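What follows is a short report on a single structure.
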Amino acid sequence: MTSQRRIRLKEVLELVPLSSSTIYARMKAGTFPKSQDLGGGVVCWREQEILDWLNSLPESNHGSIPEMEQK
């Protein structure tokens, strides 16, 4: 079973080595999971989508993300 937990930007930033501006740019480019608008300016991401995205990165990167701005 996959996690249905929703996480806010602060938790996403703790999981991925990217800045918030890079996350939003990658979302726009379609290379990062899209956030969900909960209304009132509140957005979240499905935790499992973030974890799946991280797991899809090539292992040879050893935790780094090529061609992306680092935090």
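The values are calculated or read from the model by the stated rules, or taken from the named source; none is laboratory data. Small disclaimer: the values here were computed from a predicted structure and weren't measured. Neighbour counts run over all protein chains shown; Cβ positions are idealised from the backbone, glycine included. When the accessible area is computed, the model is the full protein with side chains, heavy atoms only, and any ligands, DNA or RNA have been set aside. Shrake-Rupley method; radii C 1.70, N 1.55, O 1.52, S 1.80 Å.
Against the numbered list (1) at pLDDT 95 or above; (2) part of a loop (DSSP other than H, G, I, E, B); (3) open to solvent by less than 40 Å² (accessible area, probe 1.4 Å), Ser3 comes up short only at (1). Quick check on this structure: which one of Ala29, Ala25 is of a type outside the set (Lys, Arg), modelled with pLDDT of 95 or more and exposed (fewer than 14 other Cβ atoms within 10 Å of the Cβ)? Within the list Ala29, Ala25, the selection yields Ala29. Could you list, in sequence order, the residues of region 32-46 that are more than 17 Å from Leu57 (Cβ to Cβ) and either of a type outside the set (S, T, N, Q) or surrounded by fewer than 12 Cβ atoms within 10 Å (Cβ to Cβ) (or both)? Within region 32-46, Lys34, Asp37, Leu38, Gly39, Gly40, Gly41, Val42, Val43, Cys44, Arg46 meet the criteria.
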